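Notes follow the structure.
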Amino acid sequence: MIEILFQFVNELILVKIVGNSVLFGNTNYGAQMAPIEGLKLDKSGVLKEFPDLSGDADWRKKAISRFKEKIKSYPTERMKADYIIDDLKKFGYIPTKIQISGRRPQSL
C-alpha cells in the first residue's frame with residue numbers, strides 16, 4: 001500500500017494505492033475515500049488527456065476505463081504511484097508526502 005498526499009490550492013488530497021485499486025480523498029469531505037468512479041471529472045482535463053473523446057456521449061465512462069487499464073499496466077505499486085504523481089502534477093497538484101506501507105512518510 002502506498003499513500004500520497006497532494007496539495008491543491010487550499011485542499012489536501014490523499015491518494016491510496018492498494019494493488020490495482022486507487023482511492024482518492026480530500027479534506028473537504030473528511031476521511032472518506034472514493035474510487036475514481038466517485039470523483040467529479042473535469043471534462044476539459046479529460047479532453048486534454050484524451051482528445052479523441054471530444055463529442056463522445058460516454059466520455060466519462062471511457063476515461064475511467066482507460067485510467068484503470070493504465071493503472072493495471074504497471075507491475076508495481078511504486079510505478080503506479082509515480083504515474084499518478086506525474087499525471088496530477090500536470091493539473092497543478094503538488095505532491096508533498098509519500099508513505100509506503102511499513103515505512104515512515106517521506107517528503108517529496
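Bear in mind that the values in this text are calculations on the coordinates, not laboratory data. Keep in mind it's a predicted model, so treat the numbers as computed, not measured. Methodologically, a virtual Cβ is constructed for each residue, glycine included, from the backbone with ideal geometry; neighbour enumeration extends over all protein chains shown.
With the Cα gyration tensor of the chain giving a ≥ b ≥ c as the square roots of its eigenvalues, does the rule (a/c under 1.5 for rounded; else a/b larger than b/c for prolate; else oblate) give rounded, prolate or oblate? Walk me through the intermediate numbers first.
Numbers: a/c = 1.86, a/b = 1.47, b/c = 1.26.
Judged from the Cα gyration tensor, the chain comes out prolate (a/c at least 1.5, a/b above b/c).
Going down the table (K43/K72; K70/K97; K43/K90; K40/K97; K16/K89; K16/K48), which pairs top 21 Å between alpha carbons?
K43/K72; K70/K97; K40/K97; K16/K48
In the range 3-74, if the dipole is taken from +1 on Lys/Arg beta carbons and -1 on Asp/Glu beta carbons about the Cα centre, which of F67, A34, L47 is farthest to the positive end?
F67
In degrees, nearest 10, range 0 to 90: what is the angle between the Cα axis of helix 77-89 and the longest Cα principal axis of the chain?
Value to nearest ten degrees: 60.
Quick one: if you stick a label point 7 Å off each Cα along the C-beta vector at L47 and Q32, how many nm between them?
2.9
As a test of the formula, what do you get for the chain when each DSSP H run with n ≥ 4 contributes -39,500 (n - 2.57) and the sum is divided by the residue count, at 222 nm and rounded to the nearest 500 deg cm²/dmol?
When only DSSP H runs of four or more count, the value is -10000 deg cm²/dmol.
If you fit an axis through the alpha-carbon atoms of helix 59-73 and take the longest principal axis of the Cα set of the chain, what angle between them do you get, 0 to 90°, nearest 10?
40
Largest first and in whole Å, give the semi-axes of the range 54-97's equivalent ellipsoid, each being the square root of 5 times a Cα gyration tensor eigenvalue.
23, 16, 6
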